[in-house]
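K.L.:
Sharing a structure with you now.
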Amino acid sequence: MTIAYDIDLRPFTTFRTHEAFARQFYVLTREEDAIEFATTYASRLSDILILGGGSNMLITRPVEAVVQVQINHRSIVDETSSHVVIRLGAGEMWHDCVAWAVSQGWAGIEAMALIPGTVGAAPIQNIGAYGQQFSDTCQWIEAVHLPSGRKMTFRAEECRFGYRDSRFKSEWKGSFIITAVGLKLEKRPTTTVHYQELRQALGERPEVTIQEVFECVINLRRSKLPPPTLGNAGSFFKNPIVPGEVALALAARYPSMPMHAYNGSVKLSAGWLIEQCGYKGIRRGDAGVYDRHALVLVNYGNARGKDILSLAREIKHAVQAQFGVELEEEVIIV
Ligand code: EPU
């Protein structure tokens, strides 16, 4: 473990907002470091932020202690003719692991290519894209409890994964350092794509290779999401889920509003709602809404976390006023 002091957090978060810094900065490279941090330091600290790739958070204030998890390893723990179970260290970059799986012919995460951030951050918000989500293949999560230092292994069912949600984001928030995850992938070079946009982009073929899915997702994401050089944290809000009767009333007033059935309710497109309110491409100082995707807020250079937050609040009010729909942040606000 290494400890540094008074660290500017801009290089460690993808939003790169100003005025984000850490008084203490701990880098953990082994599970033993996580246990040592928990038992030796955590009980003395009241304000701890655990950081993976810093790609899904907006920091709006200085933080007492930041913990960066850089525990890197990949291994196969079980293998049959039809599947493989892999164990990934929390510090591994998620996209690199997706690329590795695809290169080995292991299916299950290929549509989640190019999601920024680390493996350890993936379960917290149950990352997802193009019809796949982390929880579809997750078998277990290994974590170290704060401040007892106890090593825990949770089965996927215990993590209460939901749409961009898990117990690590809610009731267990700040209570664990995730150190590794276990995924079960299928040995299957081809797959069937159900997600409409991806299916269309792949030419409506019934069967495609996972390599084709991987490459197609990379192209789709590059065409609409900002380049890594522009500060952002992907989708800023979740797509709102509303009861069927609310959706029906909205559809009557706004016939072109995109809607998808979701677990007995209806999922709306936050990007569409924001665009209709006239916010796509707007700018307030260095805080803005990306001009190719209204769900992505961007930092054009010197925005502070508070600037992004006040733009987000303005957008929430506008969507509420026009559609009566409440947007909820997907990004974790610190
Ligand atoms: N739309 C607009 N205007 C916009 C953007 C979107 O009208 O500026 C409408 C379009 O009708 C479009 C629809 O919204 O068809 C959906 O847009 P998109 O396909 O880009 O997907 P999304 O719902 O905005 C979600 C995830 C993304 C993920 C994509 C692809 C959430 C919050 N976001 O976005 O995840 O990559 O689907 O599966 O669920 C992330 O979580 O950071 C993220 C990027």
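K.L.:
Which members of region 114-136 meet the condition of being assigned to a loop (DSSP other than H, G, I, E, B) and in contact with an Asp or Glu (Cβ under 8 Å, 6 or more places away or on another chain)?
P.N.:
Here is the first cut: in region 114-136, the residues assigned to a loop (DSSP other than H, G, I, E, B) are 114-117, 122-127, 130-131.
If the condition is that a residue be assigned to a loop (DSSP other than H, G, I, E, B) and in contact with an Asp or Glu (Cβ under 8 Å, 6 or more places away or on another chain), then Gln125, Asn126, Tyr130 are the ones that fit.
K.L.:
In region 1-56, which strands (runs of 3 or more DSSP E) lie fully inside it and hold 3 or more residues that are small (Gly, Ala, Ser) and either more than 12 Å from Gln70 (Cα to Cα) or touching a Cys at 6+ places or on another chain (Cβ under 6 Å) (or both)? So that I can check it myself, show each step before the final result.
P.N.:
On the way: elements: 2-8, 21-28, 48-51.
Strands (runs of 3 or more DSSP E) meeting the threshold: none at all.
K.L.:
If Asn219 passes every condition in (1) part of a strand (DSSP E or B); (2) among the polar types (S, T, N, Q); (3) surrounded by fewer than 18 Cβ atoms within 10 Å (Cβ to Cβ) but one, which one does it miss?
P.N.:
(1)
K.L.:
Here is a check on your reading of the model: is Ser103 within 14 Å of the chain's Cα centre (by Cα), without any contact (Cβ under 8 Å) to a residue 40 or more places away in the chain and assigned to a helix (DSSP H, G or I)? Can you show your working first?
P.N.:
Values: within 14 Å of the chain's Cα centre (by Cα): no; without any contact (Cβ under 8 Å) to a residue 40 or more places away in the chain: yes; assigned to a helix (DSSP H, G or I): yes.
Here the answer is no, as Ser103 does not meet what is asked.
K.L.:
Also, I was wondering about something else. Only one of (1) modelled with pLDDT of 95 or more; (2) crowded, with 18+ Cβ neighbours inside 10 Å; (3) closer than 30 Å to Lys306 by Cβ; (4) near the ligand (Cβ under 9 Å from one of its atoms) fails for Gly234. Which number is that?
P.N.:
Condition not satisfied by Gly234: (1).
K.L.:
Take the residues in region 248-274 that are under 15 Å from Val319 (Cβ atoms) and over 23 Å from the mean Cα position of the chain (by Cα); name whichever of them is surrounded by the most Cβ atoms within 10 Å (Cβ to Cβ).
P.N.:
Filtering first and then ranking leaves Leu250.
K.L.:
Among the residues of region 285-309, how many are away from the ligand (no atom under 16 Å from the Cβ) and surrounded by 15 or more Cβ atoms within 10 Å (Cβ to Cβ)? Reasoning before the result, please.
P.N.:
The first filter runs over region 285-309 and keeps only residues away from the ligand (no atom under 16 Å from the Cβ), leaving 285-287, 300-307, 309.
Keeping just the survivors that are surrounded by 15 or more Cβ atoms within 10 Å (Cβ to Cβ) gives 286-287, 303-307, 309.
Within region 285-309, residues that are away from the ligand (no atom under 16 Å from the Cβ) and surrounded by 15 or more Cβ atoms within 10 Å (Cβ to Cβ) number 8.
K.L.:
Please go through region 233-260 and pick out each residue that is under 23 Å from Ile333 (Cα atoms) and touching a Ser or Thr at 6+ places or on another chain (Cβ under 8 Å). Walk me through it before giving the result.
P.N.:
Within region 233-260, the first condition is being under 23 Å from Ile333 (Cα atoms), and the residues that meet it are 233-241.
Listed by number, the residues that qualify are Ala233, Gly234, Asn239, Ile241.
K.L.:
Still on this structure, please answer the following. So Gln196 clears everything in (1) assigned by TED's automatic domain parsing to the domain that holds Leu114; (2) within 12 Å of the ligand (Cβ to nearest atom); (3) modelled with pLDDT of 95 or more except one condition, right? Which one?
P.N.:
In the conditions (1) assigned by TED's automatic domain parsing to the domain that holds Leu114; (2) within 12 Å of the ligand (Cβ to nearest atom); (3) modelled with pLDDT of 95 or more, Gln196 misses (3) alone.
K.L.:
Looking at region 117-131, can you tell me whether even one residue there is within 11 Å of the ligand (Cβ to nearest atom) and over 21 Å from Glu157 (Cα atoms)?
P.N.:
Yes, the conditions are met somewhere in region 117-131.
K.L.:
Turning to a different aspect of this structure: Out of all the residues in region 157-204, which are assigned to a helix (DSSP H, G or I) and in contact with a helix residue (DSSP H, G or I) (Cβ under 6 Å, 6 or more places away or on another chain)? Steps first, answer last, please.
P.N.:
So the first thing to find is which residues in region 157-204 are assigned to a helix (DSSP H, G or I), and the list is 157-159, 196-201.
Within region 157-204, Ala201 is the sole residue that qualifies.
K.L.:
Just to be sure I understand, how many residues within region 206-229 are near the ligand (Cβ under 10 Å from one of its atoms), of a type outside the set (A, V, I, L, M) and in contact with a helix residue (DSSP H, G or I) (Cβ under 7 Å, 6 or more places away or on another chain)?
P.N.:
Number satisfying all stated conditions: 0.
K.L.:
Another question, if that's okay. Out of all the residues in region 255-284, which are away from the ligand (no atom under 13 Å from the Cβ) and among the hydroxyl-bearing types (Ser, Thr, Tyr)?
P.N.:
Scanning region 255-284 gives a single hit, Ser265.
K.L.:
Please indicate, with yes or no, whether at least one residue in region 168-178 is more than 28 Å from Gly305 (Cβ to Cβ) and out of contact with any Gly (no Cβ under 8 Å at 6 or more places or on another chain). Lay out the reasoning, then the answer.
P.N.:
From region 168-178, those more than 28 Å from Gly305 (Cβ to Cβ) are none; that's our starting set.
No - not one qualifying residue is present in region 168-178.
K.L.:
Here are some conditions: (1) more than 20 Å from Thr29 (Cβ to Cβ); (2) modelled with pLDDT of 95 or more. Asn56 meets all but one. Which one does it not meet?
P.N.:
Asn56 satisfies all of (1) more than 20 Å from Thr29 (Cβ to Cβ); (2) modelled with pLDDT of 95 or more except (2).
K.L.:
If only one of Thr80, Thr118 is hydroxyl-bearing (Ser, Thr, Tyr) and under 22 Å from Phe176 (Cβ atoms), which one is it?
P.N.:
One residue alone meets the criteria, Thr118.
The values are calculated or read from the model by the stated rules, or taken from the named source; none is laboratory data. No experiment lies behind these values; they were computed from the predicted model shown. Positions of Cβ are backbone-derived with ideal geometry, glycine not excepted, and every protein chain shown enters the neighbour counts.
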